[in-house]
1. Counting only helical runs of four or more DSSP H residues, what would the 222 nm mean residue ellipticity of the chain come to if each run contributes -39,500 (n - 2.57) and the total is spread over all its residues?
2. Taking only Cα atoms, what is the 0 to 90° angle, nearest 10, from helix 216-227's long axis to the longest principal axis of the chain?
3. Quick one, which of (1) 22.4; (2) 19.1; (3) 20.0 is the actual mean projected area of the Cα convex hull in nm² calculated for this model?
4. Once amide H atoms are built 1.01 Å from N in the peptide plane, which residues 5 or more positions from Asp174, or in another chain, come under 5 Å H to H?
5. Can you give me the angle between helix 74-83 and the longest principal axis of the chain, using Cα atoms only, in degrees from 0 to 90, rounded to the nearest 10?
6. Percent relative contact order of the stretch 131-189, based on C-alpha pairs within less than 8 angstrom and at least six residues apart?
7. Please work out the FRET efficiency for the pair Asp213 and Lys295, using the Cβ-Cβ distance as r and a Förster radius of 30 Å; give the result to the nearest 0.05.
8. What order do you get for Leu92, Leu114 when you list them from fewest to most C-beta neighbours inside 10 Å?
Amino acid sequence: MRRFSLFIMLAFHFVWSSSAFSAESDDIAIFYPDVAEPYKSIYQEIISGAENAKITDDQNSQLIVFTLEKDFDVSRITRQLNNKGIKKVIVLGRVGLKLARALKDDFIVISGALPITPNTLSGISLITDPEYLFKYLTLVAPKVDTIHVAYSKANDWLVNLAKSAAMAQGFKLDMRKVDSTKQAIEYYQQLFTRGLSEKDAIWLPIDRVSSQDKVTLPFILEKAWAEDIVVFSSKPSHAKRGALFSTYPDNYGLGQQLYKMIHEHNGDIEAKPFSALISTLLAVNLRTAAHLGFKYSKEQQKNFQLTFPE
């Protein structure tokens, strides 16, 4: 009798374990912050892109969408995910990044909709890949052959991408690594003193040290306007303020990119796939373009998703 009871207990344990294992699914959870408009619509566009990518991929997995409160309960979310057998999670925004840090040891987590940097968490940064920036530069200022940029240590990874992109597209890259905004200003002052031409362009990356909005940006825009020099930027708002062009995210495309990254993840929680933003749109300041003497054909302007002045 004891042997029979032991057999029943072992069989029950085996069935329970098998059931728990089989409960793990290919479904993907997406968490986005519970916020008001216009940010809510942005997150929903990203989610729509991910849902479209899943349909195109023709997988049986489901995308399960959760809103994320600012003061979320990690243990409750963990239980929810475990109960549904979900191991793959996409998180959006700053609150999502907080959740990513809490889940990263037990789940495969991909972060999006933030300007993240590599070697921290897996995800897709809102910082545009220089390859795409430089392609836009060829489109809107075709005479430029030299790109000047000041950057801080935080952007070492971006500059490595820029080197490869510049080489592939035939640009010369003049770079200065700086430790302070003062050093960045000195570098740009030297550039203008030395003299620049229509073949030169200044690139402002997203960088709190070298591209400070209240100091560096107005200084460069004023000097560049006076000397007819192209300035382009990785930061969306800079085109509105006077840079020739800048990029901003294609939210729908970003959702597709996020789905592809997590769907193709090899399942190793320690792996940290990372990408700069390749789903981008182009914003052009037509007033600045006219000042620089650029005239764009209707065919060229089809590539301008946003123009200033509005």
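1. Here the helix-only value at 222 nm equals -14000 deg cm²/dmol.
2. So the helix axis and the longest Cα principal axis differ by about 40 degrees.
3. (3)
4. Close amide H contacts, sequence-distant or interchain: Ile147, His148, Val149.
5. Tilt relative to the chain: about 60 degrees.
6. On the way: 51 pairs, mean separation 25.0, N = 59.
In percent, rounded to a whole number, it is 42.
7. Step by step, r from the Cβ atoms, then E = 0.50.
8. Values: Leu92 29, Leu114 19.
By the 10 Å Cβ count, ascending, the order reads Leu114, Leu92.
Coordinate-derived values only; no laboratory data. The structure displayed is predicted, hence computed values, not measured ones. Note: ideal-geometry Cβ built from the backbone for every residue, glycine included; neighbour counts use all protein chains shown.
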